[in-house]
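Values quoted throughout were computed directly from the atomic coordinates according to the rules given, and no laboratory measurement underlies them. Please read all numbers here as calculations on a predicted model, not as lab measurements. All Cβ positions, glycine included, derive from the backbone under ideal geometry; neighbour counts span all protein chains shown.
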Amino acid sequence: MEVLLFAVSAVLSLAGGLGVVAARQPVHSALSLLVVLGALAILYLTLAAEFLAVLQVIVYAGAIVVLFLFVIMLLHARTPESRPSPVGAQAAVAVPLGLALWVGLSSAVLQLPAPVPRVPDGFGSTEAVGRELFGTFLLPFEVASLLLVVGIVAAVVLGSSPSSYDRRGREP
Amino acid sequence: MTVPAGAYLVLSAALFTLGTVGVLVRRTALVLFMSIELMLNAVNLAFVTLARVHGNLDGQLAAFFVLVVAAVEVVVGLSILVHIFRTRDTVDVDEVDLLRG
């Protein structure tokens, strides 16, 4: 069962990743990214990370991809896919380099200690992760909340209309 | 776990590589962002796999913080992108070269 789930999710995520990189339309890239994120959520479930799987669907698929789609609709209504890209030579170098990177990473990663065969009940549940989060990782958690506030403020400032931005930030 | 941890990690390496190639090859800033998301997700998969291998929740917590940082990064990055589009009328990274020496 786990093997089947892994195989399906792995194929889906690789196909989605290829779609993100190769799709001509940014909308197709965003939808491929959605496939990758869904497949990874399934993999998280098989890896006993229930909380992260749910978070993955809510935060990534629910918020980040929607944000991407929103910006694509905002920007690309007027700019369809531009002229053919002149990066052919760059791609010819990038693909072999990427393959080399993959081989290098994989060979580094294959020499692993044998896994713990069983994890205790409730490993990766909301309660277990929450206890760690508000215990050992309390300070990073608070710093993360500060980071989120900074992000909100930055989005508000950058998103305000250009005229008001000019008045505050630049010479007329 | 019947699937060896190495299989998850090789998949994670493949996704990371796809993201890297995407950053190198594409020129639309939006797709560059998506490739970076792909790389972040690949690293998250490695974190979660190793958390399972060691039976220790720290890896999952690291993945959680990566998630938070990725959310902030996307929000700020996309609003900068919208700003660039307003002033330059393009999101092609090759066209936005004002800082080139």
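Rounded to the nearest Hz, the phi-derived 3J(HN,Hα) couplings of segment A:3-15 under the Karplus curve 6.51 cos²θ - 1.76 cosθ + 1.60 (θ = phi - 60°) are 4, 4, 4, 4, 4, 4, 5, 5, 4, 4, 5, 5, 4, where x marks glycine and proline.
Averaged over A:46-54, how many beta carbons belonging to a partner chain fall within 10 Å of each residue's beta carbon? Could the numbers behind the result be given before it?
Values: counts 6, 13, 7, 12, 1, 3, 10, 1, 0.
Other-chain Cβ atoms within 10 Å of each residue's Cβ, averaged: 6.
Under 5 Å between amide hydrogens, built in the peptide plane, is the criterion, and for B:Gly55 it picks out A:Val116 among residues at least 5 positions away or on other chains.
Taking the longest Cα principal axis of chain B as reference, the axis of helix B:58-88 is set at about 10 degrees. Peptide A:132-142 has a mean of 3 when you count, residue by residue, the C-beta atoms of other protein chains within 10 Å of its C-beta. For segment A:102-110, backbone phi angles converted through the Karplus equation (6.51, -1.76, 1.60; θ = phi - 60°) give residue-by-residue couplings of 5, 4, x, 4, 5, 5, 5, 8, 6 Hz, Gly and Pro being listed as x. The Cα-based radius of gyration of the protein assembly as shown, divided by its Kirkwood radius, gives an Rg/Rh of 1.00. Restricting the calculation to Cα atoms, every distinct pair contributes to the Kirkwood radius of segment B:35-85, found to be 11.9 Å. If Lys and Arg each add +1 and Asp and Glu each add -1, what is the summed charge of the other residues whose beta carbon sits under 15 Å from the beta carbon of A:Phe123? It works out to a net charge of -2. If each Cα of chain B is one equal point scatterer, what is log10 of I(q)/I(0) from the Debye formula at q = 0.11, 0.23 Å⁻¹? With one equal scatterer per Cα and no solvent, log10 I(q)/I(0) is -0.44, -1.16.
Sequentially through segment A:54-63, phi angles give Karplus couplings (6.51, -1.76, 1.60; θ = phi - 60°) of 5, 4, 4, 5, 6, 7, 6, 5, x, 10 Hz, Gly and Pro residues having no value and appearing as x.
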